[in-house]
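Engineer: Below is one structure. I have some questions about it.
The values are calculated or read from the model by the stated rules, or taken from the named source; none is laboratory data. Since this is a predicted model, take the numbers as computed values, not measurements. Ideal geometry is used to build each Cβ from the backbone, glycine not excepted, and the neighbour counts take in all protein chains shown. Accessible surface is based on the protein model in full, side chains and every heavy atom, while ligands, DNA and RNA are left aside. Shrake-Rupley method; radii C 1.70, N 1.55, O 1.52, S 1.80 Å.
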Amino acid sequence: MDSKSKMQAEKHLTGTLVLSVFTAVLGFFQYGYSLGVINAPQKVIEAHYGRVLGIVPMDRQATNTSRDEGTLTAVTVTIPGTEAWGGTEGTPVPPSVPAEDHAASPYILTMYWSLSVSVFAVGGMVSSFTVGWIGDRLGRVRAMLVVNVLAIAGSLLMGLAKLGPSHILIIAGRAITGLYCGLSSGLVPMYVSEVSPTALRGALGTLHQLAIVTGILISQVLGLDFLLGNDALWPLLLGLSGVAALLQFFLLLLCPESPRYLYIKLGKVEEAKKSLKRLRGNCDPMKEIAEMEKEKQEAASEKRVSIGQLFCSSKYRQAVLVALMVQISQQFSGINAIFYYSTNIFERAGVGQPVYATIGVGVVNTVFTVISVFLVEKAGRRSLFLAGLMGMLISAVAMTVGLALLSQFAWMSYVSMTAIFLFVIFFEVGPGPIPWFIVAELFSQGPRPAAIAIAGFCNWACNFIVGMCFQYIADLCGPYAFIIFAVLLLVFFLFAYLKVPETKGKSFEEIAAAFRRKKLPAKSMTELEDLRGGEQA
């Protein structure tokens, strides 16, 4: 950014703009908090599930009962950490639970826990299709106000989990919170991009990713057992995201509506001018009004494309394939397995205090999110995406080797820990931030809303699959679980190398033209660049 642009940006950075952007990205903070909060207190919540359901988890000390010709006999099982159950060693499990049922007990607990983790993504899947409708129907600010009701309701259910069937309340609470996050993940970028001046749009647009990783980090710190991650306070830990929802609700009352929404969608010129004056200070709003008029005419001249048309039209097919694959690669890279289950993974790696290592992952995640903001504009989208995938692939292999050889070489725990940190770093370099905004760059005004909707649904669906299945995969494959992700990362790398275009500095028309001209699926992106050069010549 040159000195003139910096001066212009500083001039446009008003208190109202800062308040509006901060308030909006609180929605992404809640998303990050919900992603990370379920990790640290896993053992404590599982123990509580066991008490409620009368189930004995495999890794705790309690006693079992067996039936022998109509009599009940106490049978001792070695399970450390009985104190979490509120009892002592040798205390029999209630006779209402037959001994033969205990063989399946660990799997029932795993099912409930996996569902508690992954149902969050189900809510996101369901609501991701309604973002455009509710944003246009209610307006950006009012829509964010209304959907906060979901966040508060979900937080209350989780915060009161001990007063009822905890597994049901937590699953319901996380599903409702997921509904909120699915809506918020569309409404927040929409609002931030529309209220930001052109000179600040890129910088302010990256703050949502920073809000996510900050939410993850704070949830991990609060999840320490001497703070809120203990048997007495874990419901408060889960319900605390409601505080951010309440704060956002009241701050939104002070935020102006998006001037672009007022002008382009509603045709309210005077209200749009008032909103611009609040956001820009004493600047003349007419220049931006003229830009909005041009955008309004362009949007009117291009027919809106439905989701069905997006899939059926050969004109969009390759762009849709790329849009979906970058979302799949983001989620199936294994990063959410790290976010959801990192404490468990560090425990398997032999780390004495795994929860602190998990917080270390959160710190690294936050630092490299900030660094990636500067890298994306310098190195380009495609090159960073490829570098990130390859780095994650190597890290996944190293993690697997470390976990597999841990029993033979104690120092392999350091290899596994280093691999986890590198895995997160490479994710934030490319596969983390890039898939969301590259989808918007692949499509022009007409097909863009439908493309973003299906990309969002795909991302949430993959998030659900990983959250639901990874614990089973880890139990089944042991130290080799991340080999599956390594193989997938190799597939994603090859796809990205052959298919994903560089979108930095290119217009939507240039990118769309490149996809239309691409006849053979085996052509490389270098050939696409040649096609663009031929068009311009």
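Engineer: Taking all protein chains together and a probe of 1.4 Å, list D225, D136 from the most accessible to the least accessible.
Structural biologist: Highest to lowest solvent-accessible surface, that is D225, D136.
Engineer: Next question. Carbon and sulfur together cover what percent of the accessible area of segment 236-300 at a 1.4 Å probe radius?
Structural biologist: Carbon plus sulfur share of accessible area: 60 percent.
Engineer: To continue, here is another question. With every protein chain present, what is the per residue accessible area of segment 308-505 (1.4 Å probe, Å²)?
Structural biologist: Ligands and nucleic acids excluded, the figure is 37 Å² per residue.
Engineer: A further question follows. Tell me, what HN-Hα J-couplings in whole Hz come from the Karplus equation 6.51 cos²θ - 1.76 cosθ + 1.60 at θ = phi - 60° for each residue of segment 220-228, using x for Gly and Pro?
Structural biologist: Taking θ as phi minus 60°, the curve returns 6, 5, 5, x, 4, 5, 8, 9, 10 Hz for segment 220-228.
Engineer: Hey, another quick one. About the Cα centre, and with charges only on the beta carbon of Lys, Arg (+1) and Asp, Glu (-1), how big is the dipole of segment 308-505? Nearest 20 debye, please.
Structural biologist: 540 debye
Engineer: Of all trypsin sites (Lys or Arg not before Pro) in segment 201-291, which ones are in loop regions per DSSP and have a Cβ with at most 16 other Cβ atoms within 10 Å?
Structural biologist: Loop-located and lightly packed - K268.
Engineer: With every protein chain left in place and a probe of 1.4 Å, what is the accessible surface of S116, to the nearest 10 Å²?
Structural biologist: Only protein atoms counted, so the area is about 0 Å².
Engineer: Along its three principal axes, how long is segment 362-443 when you only count alpha carbons? Whole Å, largest extent first please.
Structural biologist: 51, 22, 17
Engineer: What pairs in K268/K378; K294/K315; K274/K378; K274/K294 have C-alpha atoms more than 30 Å from each other?
Structural biologist: K268/K378; K274/K378
Engineer: How are the alpha carbon pair distances in segment 308-505 distributed across 5 Å bins from zero to the largest one, expressed in percent?
Structural biologist: 1, 8, 16, 19, 19, 15, 10, 7, 4, 2, 1, 0
Engineer: Across segment 111-127, in residue order, what do the Karplus-derived ³J(HN,Hα) couplings come to in whole Hz, using 6.51 cos²θ - 1.76 cosθ + 1.60 with θ = phi - 60° and x for Gly and Pro?
Structural biologist: Coupling constants for segment 111-127: 5, 5, 5, 4, 5, 4, 6, 8, 5, 3, 6, 4, x, x, 4, 5, 7 Hz.
Engineer: What's the ranking of 422-434, 299-311 by average number of surrounding C-beta atoms within 10 Å, highest first?
Structural biologist: Averaged packing, sorted descending, gives the order 422-434, 299-311.
Engineer: Grab the beta carbon distance between K287 and L405, set R0 = 56 Å, and tell me the FRET efficiency rounded to 0.05.
Structural biologist: Efficiency for this residue pair is about 0.30.
Engineer: Quote the FRET efficiency, to the nearest 0.05, computed for Q309 versus V491 with a Förster distance R0 of 30 Å and r equal to the Cβ-Cβ distance.
Structural biologist: 0.55
Engineer: Still on this model: Report, please, the projected area of segment 168-243 averaged over directions, based on the convex hull of its C-alpha atoms, in nm².
Structural biologist: Dividing the Cα hull surface by four gives the mean projection, 6.0 nm².
Engineer: Moving on. If you roll a 1.4 angstrom probe over the protein chains with everything in place, what fraction of the accessible area of segment 308-505 belongs to carbon and sulfur, to the nearest %?
Structural biologist: In segment 308-505, the share of accessible area belonging to carbon and sulfur is 75 percent.
Engineer: Grab the alpha carbons of segment 221-265, take their convex hull, and tell me the volume per residue in Å³.
Structural biologist: Taking the convex hull of the Cα positions in segment 221-265, it is 95 Å³ per residue.
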